[in-house]
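Report on the following structure.
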Amino acid sequence: MPHLIRAAVTDPSRGVGSDPILEDLVLRALKPGEILVEMKATGICHTDFFAGSLSPGPMVPGHEGAGVISAVGPDGDKTRIGQRVALTFDSCGECPRCLDDDPAYCHSALELQFGLDKSFKRSGGDDVSGGFFKQSSFATFAIASDRNTIPIDDALPFELAAPLGCGVQTGYGAITNELRPTHEDNLLVFGLGAVGLSAISAAASLGLKDIIAVDPIAERRALALEFGAQKAFSPEEVKDGAVAPKSMAFTLDCAGVEATFHDSIHLLAPRGTMGVVAVPPPDKPISFSPLTLLDGGRKLVGIVEGGSEPNSFIPDLGRRILGGTLPLEKMMKRYAFEDFATAWDDAKHGRTIKPVLIF
């Protein structure tokens, strides 16, 4: 049965790049294999800022949701109703990567995360797209799948569970699942948003001997030290020689701009590895010469969702939060969902690292 809901909607008719606005919509009925989640919290992530460019018409973004399963589609598992869940990326469950417990690199990943459907309607009957990351979590109810609804501990607050679905698992997993440095290695992280700070926390948990954080904002550099970095510099200080060229075993670019991309490569020691998690704006591609990799046999690794297997990784992150070793609370700020405009503006202008909307 269709649901009356409230959601944040991007609409190109209001201008290219215009901010989402809260609207009352109707959510379609569930199909087989789908799950209806009553949202309790959702994070705002960098990827949401260009979500509207994926649709020629209005759409509902959001992909860091947490809530309670309120219904399942035809022939669905009714025992899941009432389950507390975090929402994450979707995967097919059938391709070679999924069958090898590597769903972040699902062969159908792009289609599943960005292949929108007509999930909503306005009161006048106009379609509004949903299905962003198989959730579109900027709404009071979201349609998800069995594969992207991850059970969470009853003790874990929804507002702390929500950011685990993308930003936190991306940064933390980039270190523990993908780069896998040892305590003898050093690491430099460019960009200290939720992804970068999560990466710092992961590196600290592994006991790395030298963790360097880089960001233009002094408050974020100070926070990185609380998350486990030993040193924190501005990009200008790095340019001026605060970090020796060819000295880093690992670098991680969480900024997604040309300058940090090139610095991340040039600071690598021979045989060093650079991880890339940041997505640059579609109109600002980054170019580089393969010679920068051939010099010293450096490696460039693209990392998606921290290489996570969410059914095990997200609960593990939840345990780290409850155990006090992942201080997510220090980087987040809560906003009422009806105050969406303020949360969005604070995220867009870097005033809040991880805004979390509370329903």
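Values in this text are rule-based calculations from the coordinates and carry no lab data. In this text, all values refer to a predicted model and were calculated from it rather than measured experimentally. Reconstructed Cβ throughout: ideal geometry from the backbone, glycine too, with neighbour counts over all protein chains shown.
Odds and ends about this structure:
- For segment 183-259, the list of trypsin sites (Lys or Arg not before Pro) that fall in a loop by DSSP and count at most 16 other C-beta atoms within 10 angstrom reads Lys209, Lys246.
- In segment 280-353, chymotrypsin sites (Phe, Trp or Tyr not before Pro) in a DSSP loop with at most 15 other beta-carbon atoms within 10 Å: Phe288
- Separation in nanometres of the label points that stand 7 Å from Cα toward Cβ, at Asp345 and Lys284: 2.2 nm
- Summing charges over neighbours of Ser55, with a neighbour being any other residue whose Cβ is under 11 Å away from its Cβ, gives -2 when K and R count +1 and D and E count -1.
- The spacing between segment 255-315 and segment 203-250, judged by their C-alpha centroids, is 16 Å.
- Positive-end extreme of charge dipole, segment 50-161 - chosen from Ser119, Gln135, Asn148 (charges on Cβ): Ser119
- Put simply, the C-alpha atoms of segment 181-293 give a gyration tensor, and the ellipsoid matching it has half-axes of 20, 17, 13 Å, longest first.
- In this structure, the amide hydrogen of Phe138, modeled 1.01 Å from its nitrogen in the peptide plane, lies closer than 5 angstrom to those of Gly62, counting only residues at least 5 positions away or on a different chain.
- Computed about the Cα centre, the dipole magnitude for the chain is approximately 220 debye when only Lys and Arg (+1) and Asp and Glu (-1) carry charge, each at its Cβ.
- DSSP loop GluC sites (Glu not before Pro) with at most 12 other Cβ within 10 Å: longest gap in the chain: 185-359
- Contour minus Cα-Cα distance for Asp102 and Leu293 (0.36 nm per residue): 66.1 nm
- For q = 0.08, 0.09, 0.12 Å⁻¹, Debye-computed log10 I/I(0) when each Cα of the chain counts as one equal scatterer: -0.38, -0.48, -0.85
- Using a Förster distance of 25 Å, the FRET efficiency for Glu338-Ala222 (Cβ separation, nearest 0.05): 0.20
- Taking all C-alpha pairs of segment 244-359, those more than 23 Å from each other amount to 51 percent.
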